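Read the structure below first, then the notes.
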Amino acid sequence: MLTIEWSAAGGWQAPLIKPLGNLSLHPACSSLHYGIQLFEGLKVYRGDDGRLRLFRPMLNMSRMTNSAKRACLPAFEQSELLECIRRLVEVDQDWVPHSDSASLYIRPTFISTEATLGVKKPARALLYVILCQAGSYFSSEAGGLSLWADPKYTRAWKGGTGDCKMGGNYGCSLFAQYEAVDYGCQQVLWLYGEDHQITEAGTMNIFLHWINEDGEEELATPPLDGIILPGVTRQSILELTRSWGEFKVTERHLTMGQLCFALQQQRLTEMFGSGTACMICPVGHVVYQGKNLHIPCQDNPSQLTSRIAKELTDIQCGRSPSDWTFLV
Ligand SMILES: *Cc1c(COP(=O)(O)O)cnc(C)c1O
C-alpha cells in the first residue's frame, strides 16, 4: 500500500510504499466520527501487448481534489499522486490479471486523522492507496440489471455532496439498496424532486437511448447539476458517441414520466448504467409505482452498449491507440 501523511504544521510527508497492513488511529479521529473522508476508484488493465494501462487517471486526480476541497481536506499535487500510484502499481504489477474481463482495482482513500472531537477542519490527514483484483462487477445475468425506483429515498440533493466521492454518500444508501433487494431488484434507481427525475442507478451514472419527443435519435444522461457524480466513464461515453456524430448526444433532465411515455410509444431502445466497476451495464427492468417496466436491451443484436463497451475496452487494452491511456 501507499501511504502519505499530512499535517497543517509539517505539510505533506514523503510517500511510502509498504506491505498492506492495519492502520493505527486515535479513537477520536474525525474521519470515524464525522465522516471526514473520501475515496476514488480506477483500474489498471493489462493490454494484449502485456503493458499496463490506466484509463484517464488525471480525471480521478482532479475529482479527488474536488472531493478533498468539499471535505475540508488539504490539496495535493495531482501529478505527484499519480506518479506515486504508478510506482505502487509497478511494484505490484504481477497482481494485474492476465485477462480481458479482469483488472486490478485501485482505491485511493483520503481520511482525516485529526484526534479531537471538535467538528472542525482537520490539522492531520492520511492519504493512502490500496489495490485489489476485480472481475466483472455484476453477474451478467440475462435480461439486464433490475432497478427499483421509488422517490422515498434521496441519494443526493442540491447543495449536498452527491457530486463528490465521499463515504457518507454510500453508507447512507445501503438501507435503500436492501429495500430494492426486497422488491426483487439489484439496485436503486435514484429519483429526485417532485417530477421524479432519473439521476443515477446504484453507484452508476445512467443513460437513455431513444427516439426523443421531437422524433430524433438521442443518447441522453442527466446534467452535472450538483446531484450527479461526474463519472469518468460517463464523460468518456459522451465524448466517444459525440465523436461518432451519428445521433444527438445530450445532457438533460430525464423524468420517470418521460421514460414511461417513451416505453408506451416504443421509443426507448436502451437504458444503461456506467461506471469504472462494470464499465457499462444494460438495464432490463425498472420497478416503479407497482409496475415492472420492461426495458428493451438484449433483444437487439446491434446494441449500442456492446459497441461502446468494445470501443472503450479496445482503448483500455491498447488495441486502439488513444491519449486516454496512461502507461504504467
Ligand atoms: C464512482 C461513481 C460513478 C462512476 O464514476 P466512474 O468515474 O465512471 O467510475 C457514478 N456514480 C456514483 C454515485 C459513483 O460513486
What lysines does residue 69 reach when the alpha-carbon gap must be under 29 Å and sequence neighbours fewer than 8 apart in one chain are set aside?
18, 43, 120, 121, 158, 165
For residue 291, the lysines lying under 17 Å Cα to Cα, once residues fewer than eight places off in the same chain are dropped, come out as 152
Report, as a whole number in µm² per second, the diffusion coefficient that Stokes-Einstein gives for the chain at 20 °C and 1.002 mPa s using the Kirkwood radius over alpha carbon pairs.
102 µm²/s
Taking 7 Å along the Cα-to-C-beta vector as the label spot, tell me the residue 181-residue 157 distance in nanometres, rounded to one decimal.
2.7 nm
Going from the alpha-carbon gyration tensor of segment 205-317, what semi-axes, largest first and in whole Å, does one get by taking the root of 5 times each eigenvalue?
22, 16, 15
Convex hull over the Cα atoms of segment 143-277, averaged projected area in nm²?
8.4 nm²
How much length, in nm to one decimal, is gained on full extension between residue 116 and residue 214, taken as 0.36 nm per residue of separation minus their Cα-Cα distance?
29.5 nm
Using mean Cβ contacts within 10 Å as the protection proxy, how do 152-158, 92-98 order, highest first?
152-158, 92-98
Could you pull out which residues in segment 160-194 have an amide N less than 14 Å from a spot 7 Å beyond the Cα of residue 289, following the Cα-Cβ vector?
194
Paired Rg and Dmax values of segment 44-191, which use every Cα atom, in angstrom
18.5, 53
Any idea which of 282, 315, 268 is furthest toward the positive side of the dipole for segment 239-322, if Lys and Arg beta-carbons carry +1 and Asp and Glu beta-carbons -1?
268
Give me the extension gain from residue 58 to residue 253: residue separation times 0.36 nm, minus the current Cα-Cα distance, reported in nm with one decimal.
67.5 nm
Which length gain, in nm to one decimal place, applies between residue 306 and residue 51 when the Cα-Cα distance is subtracted from 0.36 nm times their residue separation?
89.4 nm
Value of relative contact order over segment 130-262, rounded to a whole percent, pairs C-alpha under 8 Å and six or more apart:
24 percent
Given an 8 Å cut-off on Cα distances and at least 6 residues of separation, report the relative contact order of the chain as a percent.
20 percent
Starting from the Cα of residue 264, step 7 Å along the direction of its Cβ; do the same at residue 92; then give the gap between the two resulting points in nm.
5.1 nm
Simple spin-label estimate for residue 132/residue 8, 7 Å along Cα→Cβ, in nm, reads 3.4 nm
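Read the figures in this text as sums done on the coordinates, not as results from a lab. All values derive from a computational prediction rather than experimental measurement. Note that each Cβ is placed from the backbone with ideal geometry, even for glycine, and that neighbours are counted across all protein chains shown.
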